[in-house]
């Protein structure tokens, strides 16, 4: 069983970690491997975008097409600030 001092130290550590997470820029993106082995991108919206490796590679191969589509439809597309 943990002593009171150990519990207080752990609580202090968790408080510092929580504050650090709160002060992180919300626009920062990060990558993680999901529990099921997919690639998750955090920081684009409220929830992560998770795809499997082959799906990401397929999407990345379409990068020029996606950019061209966005340019061609810029007047109809909205921007989220």
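The values are calculated or read from the model by the stated rules, or taken from the named source; none is laboratory data. This one's a predicted model, so the numbers in the text were calculated from it and none came from an experiment. Don't worry about glycine lacking a Cβ; one is built from the backbone with ideal geometry, like all the others, and counts go over all protein chains shown.
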_I need every pair where a residue in region 40-51 that is exposed (fewer than 14 other Cβ atoms within 10 Å of the Cβ) has its Cβ under 9 Å from the Cβ of a residue that is at pLDDT below 95, sequence separation at least 6 or different chains._
44/29; 45/80
_Residues of region 34-50 satisfying the condition of being on the phi < 0 side of the Ramachandran plot and in a loop (DSSP other than H, G, I, E, B)_ = 34, 35, 36, 38, 44, 45, 46, 47, 48
*Selection from region 60-81 of residues that are in a loop (DSSP other than H, G, I, E, B) and under 18 Å from the mean Cα position of the chain (by Cα)*: 80, 81
*Go through 57, 14, 31, 7 for me and flag whichever is modelled with pLDDT of 95 or more, part of a helix (DSSP H, G or I) and surrounded by 10 or more Cβ atoms within 10 Å (Cβ to Cβ).*
57
